[in-house]
1. Could you check, for the stretch 263-275, whether at least one of its residues is under 23 Å from Ser124 (Cα atoms), in contact with a strand residue (DSSP E or B) (Cβ under 6 Å, 6 or more places away or on another chain), modelled with pLDDT of 85 or more and among the acidic types (Asp, Glu)?
2. Within the stretch 112-137, can you find the residues that are closer than 24 Å to Arg176 by Cβ, of a type outside the set (A, V, I, L, M) and surrounded by fewer than 17 Cβ atoms within 10 Å (Cβ to Cβ)?
3. Would the stretch 107-117 turn up any residue that is under 28 Å from Ser199 (Cα atoms), modelled with pLDDT of 80 or more and of a type in the set (Lys, Arg)?
4. What pairs can you find where one residue is in the stretch 134-149 and on the phi > 0 side of the Ramachandran plot, the other is at pLDDT 90 or above and in a helix (DSSP H, G or I), and their Cβ atoms are less than 7 Å apart, with a gap of 6+ or different chains?
5. May I ask you to list the residues in the stretch 279-297 that are buried (at least 20 other Cβ atoms within 10 Å of the Cβ) and assigned to a loop (DSSP other than H, G, I, E, B)?
6. Can you tell me which condition Leu204 does not meet? The list is (1) of a type outside the set (Phe, Trp, Tyr); (2) surrounded by fewer than 17 Cβ atoms within 10 Å (Cβ to Cβ); (3) in contact with a His (Cβ under 8 Å, 6 or more places away or on another chain), and all the others hold.
7. With respect to the numbered conditions (1) out of contact with any Lys or Arg (no Cβ under 9 Å at 6 or more places or on another chain); (2) assigned to a helix (DSSP H, G or I); (3) modelled with pLDDT under 90, which one is the sole condition not fulfilled by Gly67?
8. Would you confirm whether or not the stretch 185-199 contains a residue that is aliphatic (A, V, I, L, M) and more than 26 Å from Asp117 (Cβ to Cβ)?
Amino acid sequence: MTLAIALILTTLIQMVLGELVPKNYAIARPYRSAIRVGLPMATFNALVRPIINLFNRSANWTVRLLGIEPRDELAGLRSMQELQMIVQASSAEGELGLDESSLLTRAIGFVQRDAGDAMVPRVSVVGIEASSTVDDVRVLSIETGHSRFPIYEESLDQMVGIVHVKDIFGVPRELRPTTPVTEIASPLHEVPDSIPLDSLLIELQNEGRTAAIVRDEYGGTAGIVTVEDIVEEILGEIEDEHDEPESTGVTDKPGVISGALHRREVAEETGFSWPEGDYDTLSGFLTTALERFPEVGDVVTEGDFRLEVLAVDDHRAERVSIREAEGEEES
């Protein structure tokens, strides 16, 4: 009888104090709990990892004897889509703020994006000819506000290097007008447009690079991607001293955005999501919908949204107004 009472009391104490109380405390104060137990747990895991690995291998071996292939316990965790739905639901219920929700959504989707999603497209790349001088780099940087430029011979498909404006300071001032830019060029780092962004970021870090030339499936130049571009895929737009303030979207209602934005970015900024198709950017969608290159004043109505082209640049819609259609007829 005494043994039974002792067993019951021990079980109750173990369940209440050893499991329920710590679990409920951690749920109520997750950040404080994580900070307090992080280091002790990491130390404990490091000490017992050999024993845990031995137990896991023994269990897997036993399961295989029964004709069953063991699965990784992490395989049953939630998918990317489920995580996104959880974040959206938490945001709708007010548990997450707008900034936190946006950051988590970007972070979850980061591993699903590739270099083609983050790069500056070829049509927007500012390069410098290989016949130029070091002083030309200084002038071009002042004119454009950019700090790095790919160096090409006849076209952007024939790049021979890349130069950063800081490299010109290694050349004496009096020699800059006569020193070829190729003498201070850095070697190119080239990647396919299909490389995942997480892999690209690791590759650039390992190579000590801050930018890479993106090639398409035919070997041509698709664009250029920098570490800043990759980081912005998680944190959102990072403005520097050369960026002009502009409206890329508002939170209360659709606004004026760039035609170079991708489908995901447009949806995040305005709530408008165009149908899947053979295009990557908002400008590409408008070109397909209009069946010609966009012109200023063109209007397209898609679903509940009205899109109006406000500015064009070299056959591309540069700035587009997106707002609710308010019962207007489709064009």
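The values are calculated or read from the model by the stated rules, or taken from the named source; none is laboratory data. Just so it is clear, the structure is predicted and the values come from calculations on it, not from any experiment. Cβ placement follows ideal geometry from the backbone for every residue including glycine, while neighbour counts extend to all protein chains displayed.
1. no
2. Quick first cut of the stretch 112-137, residues closer than 24 Å to Arg176 by Cβ only: 125-137.
Now restrict to residues that are of a type outside the set (A, V, I, L, M): 127, 129, 131-133, 135-136.
Across the stretch 112-137, the qualifying residues are Glu129, Ser131.
3. So far as the stretch 107-117 goes, yes, one or more of its residues are under 28 Å from Ser199 (Cα atoms), modelled with pLDDT of 80 or more and of a type in the set (Lys, Arg).
4. Filtered contacts from the stretch 134-149: no entries.
5. Pro294, the sole residue that qualifies.
6. So Leu204 meets the others, but not (2).
7. Here Gly67 clears every test but (2).
8. First pass over the stretch 185-199, keeping only residues aliphatic (A, V, I, L, M): 185, 188, 191, 195, 197.
From what is left, the residues that are more than 26 Å from Asp117 (Cβ to Cβ) are 185.
For the stretch 185-199, residues aliphatic (A, V, I, L, M) and more than 26 Å from Asp117 (Cβ to Cβ): present.
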